[in-house]
Structures are given as C-alpha cells and as structure tokens.
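Each value in this text was obtained by applying a stated rule to the coordinates, not by laboratory testing. Since the model is a prediction, treat every value here as computed from it, not as a measurement. Heads up, the Cβs are rebuilt from the backbone with ideal geometry, glycines too, and the neighbour counts pull from every protein chain shown.
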Amino acid sequence: MSAPCSHCGQFVAADSAFCSNCGTRASVAPAANAGPIQDQKNLAMLVWIGTIFFGFLPGLIVYLIKSDVNRDAYVRAQAKEALNWSITMIFAFLVGWILTFVLIGLLVILAVGLMNLVFGILGAVACSNGRDFRTPMTIRLVK
C-alpha cells in the first residue's frame, strides 16, 4: 500500500525508504486519510481567489487538469465548486442585465458582484485551512 509523501505529495511505495521524487524519508509520510497536503490547499485557495478576478476560467482549467480523482480529490472538488459558483454568477449577472430595463438590475448586479467577492474570500480562507467550502445558493450543474 502506498502513501503520499509529506513534502511533495508523490505516492511512495510501502517498501520504499525514500520518496523517488524529492528524496524525503518515507517514514514521515502522513496516513492516506490525513487530508489535503499544503500544495493542494494552496491550489484550491488560488482557484477561489482566481474566481474573484477571472470568473469561471480558474475553476474550469483546474477541474480539467486535475483528473486523478484519488490523489487530487480535494482540489478537484473545490475547483468544481468554484466552477458551479461561477456559472451561477453568470446566470445572475444575465438576470441583472435584463432587469436593468426595469431599473432594478443595477442593484442585482451589485449584489452578485459583492457575493462573488465574499464567497471567493470565504472559499480561499476555508481552503487555506484545508476545509471543504460549499457556496450557498449555487446551481450545481457540474457533478
């Protein structure tokens, strides 16, 4: 049975004394169910911060790149959540744009922009602590 290296995250065979990727002693590797390593936390945090500035692109790129479900399950789940939030935000912006003809759309657009900022910050903080973050009021189209 293999476990991820505590330094680089590369899986190390049970009979190996050192990580073949970075050379760290294999005995210091965490258990397989220990949660996300720091690199995974950082990438998930960057996805949420990128969502504030670039919309759906960071979530989509990371979701498509991180296809190894076993190793990168945490990053993939957070990228999927950020992507779902971005899609919901796009729908809300479209509704706000349509409602500008009724003079209430500007308030909707401002509210959605503020929610994007708040949820992006909350997601980044949760990911930096290694916790899962699920945004409320999100249409979950990406399963």
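On a full-extension model of 0.36 nm per residue, what is the gain between L141 and Q38, subtracting their alpha-carbon distance, rounded to one decimal in nm? Mind dumping the intermediate values first?
Working: separation 103, 0.36 × 103 = 37.08 nm, distance 2.84 nm.
Fully extending the segment from L141 to Q38 adds 34.2 nm.
Hey, any idea what Rg/Rh is for the stretch 46-125, computing Rh the Kirkwood way over Cα pairs?
1.08
Considering the options A126, A77, A111, tell which one lies farthest towards the positive end of the dipole of the stretch 36-143, charges being +1 on Lys and Arg and -1 on Asp and Glu at the Cβ, about the Cα centre.
Toward the positive end, the furthest listed residue is A77.
Mind listing which trypsin sites (Lys or Arg not before Pro) in the stretch 31-118 are in a DSSP loop and have 16 or fewer other Cβ atoms within 10 Å?
R71
Dipole of the stretch 36-143, Cα-centred, from +1 at each Lys and Arg C-beta and -1 at each Asp and Glu C-beta, to the nearest 20 debye? Before the final figure, lay out each step's value.
Values: 9 positive and 5 negative charges, 40 e Å.
I would put it at about 200 debye.
Output the relative contact order of the stretch 36-143, whole-number percent, from Cα pairs under 8 angstrom with separation of 6+ residues. All intermediate terms of the calculation are to be shown ahead of the outcome.
On the way: 134 pairs, mean separation 37.5, N = 108.
Here the relative contact order equals 35 percent.
For I65 and I90 in the same chain, what is the full-extension length gain: residue separation times 0.36 nm, less their Cα-Cα distance, in nm?
6.8 nm
Would you tally the net charge around F133, using a Cβ to Cβ cut-off of less than 15 Å, leaving F133 out, and scoring K and R as +1, D and E as -1? Intermediate values should be presented prior to the final figure.
Working: positive: K41, R76, K80, R131, R134, R140; negative: E81, D132.
With Lys, Arg at +1 and Asp, Glu at -1, the neighbours total +4.
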